[in-house]
Amino acid sequence: MKHFRWEKDAQELVWLTFDKQGESANTFSRDVLEELLAVLDEIAALKPKGMIIRSGKDSFIAGADVNEFVRFATAEEALAFTKLGWDMTQKIRDLPFPVTAMVNGFCMGGGLELALACRYRVALDDPKTRFAFPEVMLGIWPFWHGLMWLPKLVGPTAALDMLLTGKAIDARRAKRMGLVDQAVPLRILENTARMVTLEAPAPRELGFVQKLMLGPLRSIVAGQARKQVAKKARREHYPAPYAILDAWVKYDGDTFLCKDDPSCSLKALSEHPTTKNLIRIFFLQERMKALAKGVEFKARHVHVIGAGVMGGDIAAICAMRGITVTLQDTAPERLAPAVKRAAKLFQRRLRDPLRVRDAMDRLIPDVSGAGAARADVIIEAIFENLEAKQQLFAKLEAMAKPGAVLASNTSSLKLADIAAKFKDPSRLVGIHFFNPVPQMMLVEVVHGSTTNQEHVKNALAFVRQIDKLPLPVKDSPGFLVNRVLGPYMQNAFRMLDEGMKPETLDAAMEEFGMPMGPIELADTVGLDICLHAGKQLAKKDAQGHEAEAPQILLNKVALGQLGRKTGQGIYRWENNKPVKGQPGAYNPDLIHSLIQPYLDETKAVLAEGIVPDAELIDAGLIFGTGFAPFRGGPLNYLAGQKK
């Protein structure tokens, strides 16, 4: 056996351990599934009192090996692989003795389907324990009984929320919704799994209303869910969530009953271009995660200067990830809003009062700035003024530990200009976050021609430490994201100056596949920031003149109508949402005109080598600007247009 080992204890319980050979995580490949099917037959022949399935890794099971999907030459090959997983989960479910999944860490996709096949699930009560069906984000659905079994266990509402969004839930929420039977600390995890298996309690019963929703009300439930999906995704762009609902209503989630239905079959989804592009994005994300692989640097103390929205949120994210943070600003009253905002973030994300308290304890207000001398990473997040940044870094360079990462969060100033007054300019890197920091995964790690590569590697490792996606970029005006967004948004504002309705421009780009249109995006970012960045990134014409800023942008900033943060920008904002009228009519030419500057600037970035290669440019613009994921990135989209 390569991937599994098992032993029977004195109480006649079999402990089956999944420990995939040569890998850091457990995933299901063809040889793993074939081996597991054989192991289950051997264990069944022993007739034990029960079985506990556990992991030999830091996490339970991360799901099916996505590499398998790219190897399939035909839909028939994909269906044959799916049949192995289907048979494996069914075999576990049919065993004549109780089986318990003992879950630690990630339990995703096929791993969750295996857990659902077990009679009981016992989970480690730890923030790292997460349950999810992320298949929808790859353009498919759980084909190994997941869609069939989850609604029957937890009810359709909770099940569809997981299936249609792909979002993960922690062990405590899984316990509340009935997905797991027990969520316990590590010291009693094995014993709890043992006792649950031996006692074999009666399964949890769904309530009457949930049973109705599974039965005669199923179509109504699916109809309501379909309306919610339609608000976020068009079927022609993202068929998977609609396929989930069709397969559940028409076939009760049976993969093989629906194998010839073009609305929801594995064949139809696997051949859809969206699925290919979403799987491509998965690999791009994995590549970004691997950029810091092998770097031993780990920050224990981070010092952030500037407690505005950006700096305060950077500090909060670091504290939430277990790092001690000192947050510096000129006066206590400037620090208070950031601390208050951090408390709300911790309550929303961590939920557990003890974890919230611990995170708050790690976030230390520091008016004097003394924390900089002890920090492993120092991040400057003050206003965009070159002289102010130079003066600040002169003090920081003198204070900082020799190996500390000195970083600027600048969005529009050149790193070389900030480092010009350094005694050792090679120490400065850019660590450029995007607003809103808690939601945006991308972080640009900026390096100049003289930057010490050791500091760059350490910055990449720090970004991964706080669970963000690092993108190495060369020091250049606007780096990648702002450089590409600048012409795109300026173009949209000029169309406003020409009399186009903002709602029309936004609707056109949403039809293209952007998560929000350029005008709503500008209001969200802040019109003052858009104006400032536009001036910093403005290109000169042949006569050496800079283009005039769009008039509507100048007028709004002069009036103090800066967007969402002031309640009024191009749109009026209520409850953090824009109040929009009806869009006007538009045609494909408008969509082309709006997106063309974005695409042109992306090609220029590639030609100039600002980012190492085309794949990382696509990844950066998907995760940094929301470029239509179903299109696989702007350069991938352009390549497809040429065919």
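What follows is calculated from the coordinates using simple rules that are stated; it is not laboratory data. Just so you know, these numbers come straight off a predicted model, no measurement behind them. Neighbour counts are summed over all protein chains in view; Cβ atoms, including those assigned to glycine, are modelled from backbone coordinates with ideal geometry.
Observations, loosely collected:
- Label point distance in nm, residue 577-residue 352, each placed 7 Å from Cα along Cα→Cβ: 3.4 nm
- Shape category assigned to the range 281-324 from the gyration tensor of Cα positions, a/c cut at 1.5: oblate
- Qualifying GluC sites (Glu not before Pro) in the range 541-602, where qualification requires a DSSP coil assignment and no more than 11 other C-beta atoms within 10 Å, comprise 548.
- Alpha-carbon centroid distance for the pair the range 89-106 / the range 22-50, whole angstrom: 11 Å
- Unit charges on C-beta of K, R, D, E only; dipole of the range 44-161, Debye: 540 debye
- Angle between the chain longest axis and helix 588-608 axis [Cα atoms, degrees, rounded to 10]: 80 degrees
- Whole-Hz couplings from phi, Karplus 6.51/-1.76/1.60, listed for the range 346-357; x for Gly and Pro: 4, 5, 6, 8, 8, 6, 5, x, 5, 5, 4, 4
- Length-normalised contact order for the range 4-271 - Cα pairs under 8 Å, 6+ apart - percent: 17 percent
- Close amide-amide hydrogen proximity is noted between residue 64 and 28, 110, 111, each under 5 Å apart and 5 or more residues distant or on a separate chain (H modeled in the peptide plane; Pro and chain starts excluded).
- Think of the chain as a dipole: +1 on every Lys or Arg Cβ, -1 on every Asp or Glu Cβ, centred on the Cα centre; then among 203, 640, 60, 203 lies furthest on the positive end.
- Gain upon complete extension [residue 293, residue 585; 0.36 nm per residue less C-alpha separation]: 100.2 nm
- Interchain or long-range residues, amide H under 5 Å from residue 52's placed H: 14, 15, 16, 100
- With R₀ set to 60 Å, the beta-carbon distance separating residue 497 from residue 34 gives a calculated FRET efficiency near 0.40.
- Those residues of the range 170-194 whose amide nitrogen sits under 17 Å from the label point placed on residue 11, 7 Å along Cα→Cβ: 181-194
- Of all DSSP beta bridges in the chain, antiparallel share, percent nearest 5: 25 percent
- Here is the list for the range 319-407: chymotrypsin sites (Phe, Trp or Tyr not before Pro) lying in DSSP coil, each with at most 12 other C-beta atoms within 10 angstrom of its C-beta, are 383.
- Using a Förster distance of 35 Å, the FRET efficiency for residue 399-residue 554 (Cβ separation, nearest 0.05): 0.30
- Calculated FRET value between residue 285 and residue 511, using beta carbons and R₀ = 22 Å, to 0.05: 0.30
- Candidate lysines for bridging to residue 227, where Cα separation is under 24 Å - those fewer than 8 sequence places away on the same chain excluded: 152, 167, 211, 250, 577, 580
- Fraction of antiparallel bridges per DSSP, the range 297-477 only, in percent to nearest 5: 10 percent
- Label of the coordinate-derived value, Cα extents along the principal axes in Å, listed as (1) 83, 58, 44; (2) 159, 57, 54; (3) 86, 68, 52: (1)
- Each Cα pair under 8 Å and six or more residues apart adds its separation to the average, and for the chain the resulting relative contact order is 9 percent.
- A crude spin-label estimate for the pair residue 2 and residue 452, with each label 7 Å from Cα along the Cβ direction, gives 4.4 nm.
- Estimated 222 nm signal from helices in the chain, with DSSP H stretches of n ≥ 4 weighted -39500 (n - 2.57), rounded to 500: -15000 deg cm²/dmol
- Magnitude of the charge dipole for the chain, about its Cα centre and with charges confined to Cβ atoms of Lys, Arg (+1) and Asp, Glu (-1), is about 1300 debye.
- Dipole magnitude of the range 577-638, debye to nearest 20 (Cβ charges: Lys/Arg +1, Asp/Glu -1, about Cα centre): 420 debye
- Separation in nanometres of the label points that stand 7 Å from Cα toward Cβ, at residue 199 and residue 47: 2.7 nm
- Antiparallel bridge percentage (DSSP; both residues within the range 403-507; nearest 5): 25 percent
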